[in-house]
Amino acid sequence: MNAFGCHCPKCGSSGQIDICAQVWVRLTRVGTAADLSRQGNHEWNDASRATCDCGWTGRVNELIKESGNG
């Protein structure tokens, strides 16, 4: 179970969901590094894209949420 109580609407899994989030990164000589940024924040919302290992893709607001979570 993930901390947000979200499940995939196709397979019911809660541990295989990925969400596309905005994240701060530090520019470096070799590219970017999220771990080096002083702004360690990341943001996502109900309109963010989501996917599950079972092949489902959609938006966060399409995930099944356990009652009492969001």
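Worth a mention:
- Peptides 9-17, 39-47 ordered by average Cβ neighbours within 10 Å, highest first: 9-17, 39-47
- FRET efficiency, 1/(1 + (r/R0)^6) with R0 35 Å, evaluated for LYS10 and LEU36 via beta carbons: 0.45
- Placing R0 at 35 angstrom, the Cβ-Cβ distance between GLN22 and CYS54 gives a FRET efficiency of 0.90 after rounding to 0.05.
- For the residues ALA21, ALA50, ALA33, a GNM of the chain with alpha-carbon springs under 10 Å puts the largest fluctuation on ALA33.
- Environment charge at ALA3 (Cβ cut-off 15 Å; Lys +1, Arg +1, Asp -1, Glu -1): -1
- Percent RCO, i.e. relative contact order, over the chain, from Cα pairs under 8 Å lying at least 6 residues apart: 37
- The chain - charge dipole about Cα centre, Lys and Arg +1 at Cβ, Asp and Glu -1, debye rounded to 20: 260
- Global dimensions of the chain from alpha-carbon coordinates: Rg and Dmax equal 14.5, 46 Å.
Readers should treat all values here as calculations from the given coordinates under stated rules, not as data from a laboratory. From a predicted model like this one, the values you see are computed outputs, not experimental measurements. Because the Cβ atoms are built from the backbone with ideal geometry, glycine has one as well, and the counts that use them run over all protein chains shown.
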